[in-house]
Structure formats: structure tokens, C-alpha cells
Amino acid sequence: MTPVDKLRRAAAAFMAIVTAAALCLGGYENVAAVENSVNPVYPAAGSGWGVKDACVAYKDGLYYIFASAFFEDGGRERTHLIGVSTPDFKTFSEPLFCLDGQEMGLIGLCSPNLTLHGGVYYMTYNSWGDQEGRPNQLYYATSTDLEHWDFHKPLARSLTQGRRSIDAAVWFTADGVLLVYKDGQTMRFAMADDIGSDAWTPVPSKVKAWYENYCFAQEDGRLYMMATNRLHLPVILEMRNGDYGDWRVVKRLLPPQQGFNTDERANAASVTWVPEQGRWLMIYAGRTEGVSHAGRGDNRLALAQSGSLPGPWETL
């Protein structure tokens, strides 16, 4: 084991202790474990991939999963933006695409998030690798069918140029396009008239806590956001007072340990509403270690469902 691997293992052990202590204090709602759960769903055991940062959508009888896939490529560990489809979360297509950005001089691409507006799917994502002189930046892609995409459109460069920016999500409001992203270690909000605009206006944030991996959702006219907290667990926040920078926590979720997620239970979760089925789906990543894949670990994806966003939730 290399010194870096030893450091990663020690950090993972420390976080496990901190997480256990925090959970003892309460405040988390358990995601119920069902018998004969399909979890974990992707990738198959032994694939050699670590897959996380996922989002999911349903269209014409198929579920589409988009995620970050970590594996060695071109002589080094890289993360790849991938998409797969499945009718049942048991059998999966070959990747619809597998992009690492090398043609743009990048080390990797990751952290997709989906928003549907006006019949168009918008996928936000970012570059990866923390290259010297070229910090991670935001991009978006568009599609009408979830299979064919127009990739690599720059997102909010007027705000992010020269600054490490990741984990973007967008939501289309009556006031314009709302953007949330992680600037360094800080959650930022901004608004623009159009997602492709060069004129983004920062929205002052009233959120004091640390979050990452953002996802917007709406239910009963209320705007919510799912995010990952310091314990790498999913948190649901609700916008307050019509203020796009003011959010409060309404639910903290604790998925069960199911063998594949003994180290981190539910990292980088996101949600989507499936109107044909009258249910919310939450997709998340779990791992058993945090050493492999450049410290991201052996992540595999899992699912939970609920009839309402605040819950109760249960595993698939």
C-alpha cells in the first residue's frame, strides 16, 4: 500500500467514526430496507469501475442513468461521463456514451445532473482532475430523447473562469434560469435569462452549512434541493420566502447498509419524479472502501423510492 493509499484509508476510517457519532445524535430518517432489493444496480460486481454522482430519468419505458465512471484509461485514473439505459434496473445497455474530455485536453468529466424544460433535457456536468492552471469548469449538454446529446457547452463562464467550479444544477423559473454550483468549498447561486448566457447575476446565499452534489426538484409548487452533506448523506432542503438563495433543511435521509455501502452509505444522491408511476426515485452511490479510484472508492449505484419527496422512503 502506498503512503497516499494509507492516508486515504486513515481518512476514510476517521470519517466513519465521525459519521457514526453524528448518527447517534439523531435527526435522520431511515430509508426502509425492503426484501429482495435490487440494490446495488450498477455496475456489476467485478467490473473494475467505480460509479457515482448519478442521476436518473424515465422515458418511453426505459430508465436512463447518467453518472461518473472512474477507471484507469490512458495510463492514469480518469473519470468518464457515461449514460446507460435499462428497462428494469437488472439488465443494462452498453454505454450510450463514455466521455473523458481528452480531446479537449482534459483529464476527465463527471458529476452529471438532469433538468427537463420545454421538452428539452439539460445535463450539467464539469471537468475533473484539478489541472494546474486549468481549474475544473462547468458544462452543459442538451437532448430531446436522452440518447443523442449535444455536448460541451460552457456554463456560466462569466462567474467561474479561473475558479474551481463543480456539481452544477439548473432550474427554470419564472424569473430566469437558477444555477447552483460549488465554487471551491462554497455553495453559490446565480440567475440568468438563458442557460447559455454570458450574463449571470450572483444570488446572495443565506446557506451557512457545507453541501455538494446538488439537484433541484419541485413538488406541490414548492422548490426543493437534494444535496450531500459533510457526512456524505442525502439532505433535502426547501427554498424559503421566494428567495433563491435562502434554503432550509426539511429532511435528512439514512439509507440502510446493504453490503455494498458499508463505508459510505449514500454519496451524491439525486432525485427524479416519474409521473407515469406516481413515484420519486432517488439514486445514490455506496462504497466499501475509499482507497481505489483516486480515493473515490468502489462505488456502486442503488435506488430508493417514495410517493412524496419528504418521504417516507424505501429501497427498491
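Taken as a whole, the condition of being among the polar types (S, T, N, Q) and either exposed (fewer than 13 other Cβ atoms within 10 Å of the Cβ) or under 24 Å from Leu109 (Cβ atoms) (or both) does not apply to Ser205. Considering Val249, Val271, the condition of being over 25 Å from Arg164 (Cβ atoms), surrounded by fewer than 20 Cβ atoms within 10 Å (Cβ to Cβ) and β-branched (Val, Ile, Thr) is satisfied by Val249 alone.
Can you tell me which residue within the range 176-202, out of those that are in a strand (DSSP E or B) and over 20 Å from the mean Cα position of the chain (by Cα), is surrounded by the most Cβ atoms within 10 Å (Cβ to Cβ)? If we take residues in the range 176-202 being in a strand (DSSP E or B) and over 20 Å from the mean Cα position of the chain (by Cα), then Ala192 is surrounded by the most Cβ atoms within 10 Å (Cβ to Cβ). A single entry from Tyr140, Tyr64, Tyr58 fulfils the requirement of being farther than 20 Å from Tyr284 by Cα and assigned to a strand (DSSP E or B): Tyr140. Restricting attention to the range 25-79, the residues that are surrounded by 23 or more Cβ atoms within 10 Å (Cβ to Cβ) and in contact with a Pro (Cβ under 6 Å, 6 or more places away or on another chain) add up to 4. Is it the case that the range 81-94 has a residue that's of a type in the set (S, T, N, Q), under 18 Å from Ala269 (Cα atoms) and within 20 Å of the chain's Cα centre (by Cα)? No, every residue in the range 81-94 fails to be of a type in the set (S, T, N, Q), under 18 Å from Ala269 (Cα atoms) and within 20 Å of the chain's Cα centre (by Cα). Scanning the range 73-87 for residues that are touching a strand residue (DSSP E or B) at 6+ places or on another chain (Cβ under 9 Å) and either free of Cβ contacts under 8 Å to residues at least 24 places away in the same chain or basic (Lys, Arg) (or both) returns a single hit, Arg78.
Of Tyr121, Tyr139, all but one fail to be touching a residue at least 40 places away in the same chain (Cβ under 8 Å) and either in contact with a Gly (Cβ under 9 Å, 6 or more places away or on another chain) or surrounded by 16 or more Cβ atoms within 10 Å (Cβ to Cβ) (or both); the exception is Tyr121.
Taken as a whole, the structure places Glu72 among residues that are over 15 Å from Ala302 (Cα atoms), part of a strand (DSSP E or B) and among the acidic types (Asp, Glu).
Taking the range 152-163, which residues are crowded, with 16+ Cβ neighbours inside 10 Å and not small (Gly, Ala, Ser)? Break it down stepwise before answering.
To start, the set of residues in the range 152-163 that are crowded, with 16+ Cβ neighbours inside 10 Å comprises 152, 155-156, 159-160.
Scanning the range 152-163 gives His152, Leu155, Leu159, Thr160.
The single condition among (1) outside any loop (DSSP other than H, G, I, E, B); (2) surrounded by fewer than 22 Cβ atoms within 10 Å (Cβ to Cβ); (3) touching a strand residue (DSSP E or B) at 6+ places or on another chain (Cβ under 6 Å); (4) in contact (Cβ under 8 Å) with a residue 40 or more places away in the chain that Phe92 does not satisfy is (1). If only residues of the range 252-268 that are polar (S, T, N, Q) and either under 19 Å from the mean Cα position of the chain (by Cα) or more than 15 Å from Val31 (Cβ to Cβ) (or both) are counted, the one that is surrounded by the most Cβ atoms within 10 Å (Cβ to Cβ) is Asn267.
Among residues of the range 263-281 that are closer than 13 Å to Ala227 by Cα, those with a beta-carbon under 7 Å from a residue that is modelled with pLDDT under 95 and buried (at least 22 other Cβ atoms within 10 Å of the Cβ) at least six positions away or on a different chain give the pairs Asn267/His232. Of all residues in the range 225-240, exactly one satisfies the criterion of being farther than 17 Å from Gly27 by Cβ and either acidic (Asp, Glu) or crowded, with 21+ Cβ neighbours inside 10 Å (or both), namely Met225.
The values are calculated or read from the model by the stated rules, or taken from the named source; none is laboratory data. Small disclaimer: the values here were computed from a predicted structure and weren't measured. As a convention, Cβ positions derive from the backbone with ideal geometry for all residues, glycine included, and neighbour counts pool all protein chains shown.
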